[in-house]
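A quick write-up on the structure given underneath.
The values are calculated or read from the model by the stated rules, or taken from the named source; none is laboratory data. Everything quoted here is computed from the prediction, not taken from an experiment. Using ideal geometry, Cβ is built from the backbone for each residue, glycine included, and neighbour counts are taken over all protein chains shown. Surface areas here come from the heavy atoms of the whole protein model, side chains and all, with no ligands, DNA or RNA. Shrake-Rupley method; radii C 1.70, N 1.55, O 1.52, S 1.80 Å.
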Amino acid sequence: MFITSQAVGAGLYRQYLADYVKNGSLVRVERGLYVSPDGLDDVLFWLQQRAKKIVYSHETALFLHRITDRTPSRYSITVPSSYKASEALKRFCKIYYIKNELIDLGKIEKPSGMKNLIYTYNLERAMCDIIRSRNKIDNQIVIDAVKNYALLKNKNLHLLYKYAKEFNIENIVYRYFEVLV
């Protein structure tokens, strides 16, 4: 994946990009963004290369952590509240906005399905995001995520409740887990 300015900086003429797209050697994702035909397989990686401030969250984070087996139809991302999302990003993603001081809470690097490193939230932050957004998400996804998290041997309830306190949802999180844990 690369942008036009990178290609021109490496000595490639703009017209060659159009020729490569015509003959199928490149795919034009959007204006100024190109990827090899096999590079489209790692959509998570190329989206993050295009929009550096995004963090995969909610249903997408649950999928990356294997808490759900539902492949997201649209990727869920979290961005700082001051972020202006491009039209392409809006097409591919469900966007959640968060205060700037909370964007890095629980942020980790994790390999995508194609082994490229991407930013997502750790499992405890993902659980808090799902519970915070429970009215915007399919109820079955929320219930399954809570049940699957409760069954994990390596869950970190202390961290989960710490994050819940940061988001002011500790009572809600407690209600979800009081019976299961």
Helix 157-166 versus the longest principal axis of the chain: what angle, 0 to 90°, nearest 10, using Cα atoms? 80
Given +1 on the Cβ of Lys and Arg, -1 on the Cβ of Asp and Glu, and no further charges, what dipole in debye does the chain carry about its Cα centre, rounded to the nearest 20? 280
With charges only on Cβ, +1 for K and R and -1 for D and E, what is the dipole size of segment 30-75 about its Cα centre, in debye, rounded to 20? 280
Ranking request for peptides 43-50, 165-172: highest mean number of other beta-carbon atoms within 10 Å first, then the rest in descending order. 43-50, 165-172
Charge dipole of segment 1-146 about the Cα centre (unit charges at C-beta), most positive-ward option of 61, 135, 114: 135
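Using the Kirkwood radius built from alpha carbon pairs, what does the Stokes-Einstein equation give as D for the chain at 37 °C and 0.692 mPa s, in µm² per second?
D, rounded to a whole number, is 184 µm²/s.
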Mean separation of Cα pairs under 8 Å and 6+ residues apart, divided by the residue count of the chain: what relative contact order is that in percent? 17
Partner lysines whose C-alpha sits under 19 Å from that of residue 94, ignoring same-chain residues fewer than 8 away, are 52, 53, 84, 107, 136
Expressed as a whole percentage, what fraction of the accessible surface of the chain belongs to carbon and sulfur atoms when a 1.4 Å probe is rolled over the protein heavy atoms? 49
Starting with the highest mean, order 52-62, 20-30 by the number of other Cβ atoms within 10 Å, averaged over the residues of each peptide. 52-62, 20-30
Whole-number accessible area per residue in Å² for the chain, which is evaluated in the context of all protein chains at 1.4 Å: 58
